[in-house]
Amino acid sequence: MKIVDIRATTVTVPLEAPLRHSNGAHWGRFVRTIVEVEADNGLIGLGELGGGGESAEAAIRGLREYLVGHDPFALEALRFAIANPTASLYNNRTQLLAAVEFACLDLIGQHLDVPAYDLLGGKLRDRVPFASYLFFRLASASGDGEVRTPEQLVAHARELRDAHGFTVHKLKGGVFPPGYELECYRALASAWPEDRFRYDPNGSMSVAEARRFGQAIRDLPNEYFEDPTWGLNGMRQLRDLGIPLATNTVVVNFEQLATNVRDPAVDVILLDTTFWGGIRPCVKAAAVCETFQLGVAVHSSGELGIQLATMLHLGAVLPNLTYAADAHYHHLRDDVIVGGKMPYVDGTIAVPDGPGLGVRLDRERVARYAELYRELGGYPYDRDPARPGWYPLIPNDRWADPS
Ligand SMILES: [Mg+2]
């Protein structure tokens with residue numbers, strides 16, 4: 001099998017409401033790039049990349065001369081062909097590599113008629129558990145969906161919990177003043193004392209502020225405190241809080257993982273199939289974590305069904321997946337794959353059993369959301385539509401006004 005072409009299509013898929021985070025917001029939709037890698041046997045492997053537009057599509061097209069003639073089975077060679085660590089200092093292709101790796105695993109699986117998980121060691125579970133991943137939200141265009149007050153947050157969590165069966169809840173914070181978000185987080189925890197909770201302000205608090213917050217939640221059933229402050233050295237200062245610390249920001253490659261093993265700062269590593277450059281690097285990183293008894297979970301960087309499939313195949317094969325995965329997925333109104341959105345049952349999603357990634361493009365949906373992208377264009381992820389001109393500091397003190 002040889003690669004003969006690679007194509008990229010930008011799509012934008014609506015969310016139920018704009019999702020706020022410490023750096024800005026998802027403005028009511030996700031923008032994603034669908035990557036198709038075609039082989040000489042006519043098979044098409046699927047990949048997905050965050051963001052999109054002319055530059056993302058050009059970056060994918062620019063890989064064509066590197067990839068045409070490459071054997072999709074040669075996955076280790078692929079890394080050095082397009083993203084070796086010293087050349088990557090200049091061209092930073094890790095996330096492009098990830099999209100191509102997904103597509104190659106999809107091609108191999110289709111060629112051999114086996115699911116991707118069988119290429120990754122075989123599945124250990126049929127379904128992957130997910131957390132509810134709660135966001136403060138702006139109202140949607142139709143005026144509903146706002147999540148701002150503790151009451152709205154608990155009501156929103158109740159809806160998701162009832163609809164999808166979540167028993168683990170992650171609150172994305174870093175939007176409002178920490179004291180206010182503390183009140184919101186405690187309201188959640190008191191609504192379901194038997195559930196488990198995570199708070200993630202995306203590194204926006206100072207070490208001192210994060211310490212105050214951590215001390216104020218120590219009595220709750222916290223699974224972990226995710227990126228309370230910025231940097232391995234900031235996180236390390238919070239280890240005495242007695243709450244496991246998690247990250248998807250300061251351990252996102254093997255150098256940082258090694259640093260964290262030699263001088264521990266973080267207890268749980270959230271593996272992101274895009275940030276790490278593919279599913280296989282995440283499997284390797286999980287093995288390092290197993291050796292050093294670090295926790296692992298599956299991170300969500302905002303996915304459609306192709307990326308979700310990579311997260312499910314990853315989740316299926318990790319023996320040490322002791323935490324529910326994160327997904328933005330339930331905030332989407334639709335998907336680009338055949339059959340539409342994958343369903344949650346009891347807080348879990350079934351691992352696709354079809355060949356390769358086990359998901360196929362719904363061409364009509366891709367065309368519809370590519371057209372929507374042409375109509376709407378991109379949006380600045382690191383800006384907040386409710387606060388024109390605003391941008392945060394790290395550590396932040398420019399919080400949104402909860403009133
Ligand atoms: Mg995070």
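Read the figures in this text as sums done on the coordinates, not as results from a lab. The shown structure was predicted, so the numbers you read here are calculated from the model rather than taken from an experiment. Every residue, glycine as well, gets a Cβ built from its backbone with ideal geometry; the counts of neighbours run over all protein chains shown.
Between segment 179-198 and segment 224-260, the C-alpha centres lie 22 angstrom from each other. Within segment 20-161, all pairs of alpha-carbon atoms sorted by distance into 10 Å bins from zero give the percentages 10, 28, 26, 23, 13, 1. As a proxy for reagent exposure, 136, 80, 176, 73 were ordered by neighbouring Cβ count within 10 angstrom, fewest first; the result is 80, 73, 176, 136. Sorted fewest first by neighbouring Cβ atoms within 10 angstrom, 348, 274 come out as 348, 274. Can you check what the net charge comes to around residue 277, using other residues whose Cβ is under 15 Å from the Cβ of residue 277 (Lys, Arg +1; Asp, Glu -1)? After counting each charged neighbour, the total is -1. Database remark: amide H of residue 223 closer than 5 angstrom to the amide H of 197, 198 (H placed geometrically; neighbours at sequence offset of 5 or more, or on other chains; Pro and chain starts carry no H).
For residue 341, the lysines whose Cα falls under 23 Å of its own Cα, not counting residues fewer than eight places away in the same chain, are 123, 170, 172. Modelled this way, with points 7 Å down the Cα-to-C-beta line, the labels at residue 5 and residue 375 are 2.8 nm from one another.
With +1 assigned to the C-beta of every Lys and Arg and -1 to the C-beta of every Asp and Glu, and no other charges, what is the dipole magnitude of the chain about the Cα centre in debye, to the nearest 20? Working shown, then result.
Working: 39 positive and 51 negative charges, 98 e Å.
Value, rounded to 20: 460 debye.
With K and R counted +1 and D and E -1, the other residues having a Cβ less than 10 Å from that of residue 152 yield a net charge of 0.
The GluC sites (Glu not before Pro) of segment 122-216 that DSSP puts in a loop, and whose beta carbon has at most 11 other beta carbons within 10 Å, are 194. Against the chain, whose longest principal axis comes from its Cα atoms, helix 150-164 is set at around 40 degrees. Around the amide H of residue 145, modelled in the peptide plane, lie the amide H atoms of 140, all under 5 Å away and 5 or more residues distant in sequence or on another chain.
Please grab the % of Cα pairs in the chain that end up more than 33 Å from each other. Counting pairs separated by more than 33 Å, the tail of P(r) holds 29 percent.
Taking θ as phi - 60° and the Karplus parameters 6.51, -1.76 and 1.60, the scalar couplings of segment 126-139 work out to 8, 9, 10, x, 10, 8, 6, 6, 9, 10, 5, 10, 7, 5 Hz in sequence order, x denoting glycine and proline. Using θ = phi - 60° in the Karplus curve 6.51 cos²θ - 1.76 cosθ + 1.60, the 3J(HN,Hα) couplings for segment 353-369 round to 9, x, x, x, 5, x, 10, 10, 6, 8, 4, 5, 5, 4, 4, 4, 7 Hz; x is entered for Gly and Pro. Does segment 118-350 come out rounded, prolate or oblate, given a ≥ b ≥ c as the square roots of the eigenvalues of its C-alpha gyration tensor, rounded meaning a/c under 1.5 and, failing that, prolate meaning a/b above b/c? Because a/c hits 1.5 or more and a/b fails to exceed b/c, segment 118-350 counts as oblate.
Can you list residues whose amide H is under 5 Å from residue 300's amide H, if they're 5+ apart or on another chain and H is modeled 1.01 Å from N? For residue 300, whose amide H was placed from the backbone, the distant partners under 5 Å are 326. Rounded to the nearest whole Hz, the Karplus-based 3J(HN,Hα) values (6.51 cos²θ - 1.76 cosθ + 1.60, θ = phi - 60°) of segment 70-75 follow the sequence 6, 7, x, 5, 7, 6, with x at glycine and proline. Its Cα centre serving as origin, segment 99-199 has a Cβ charge dipole (Lys and Arg +1, Asp and Glu -1) of approximately 300 debye.
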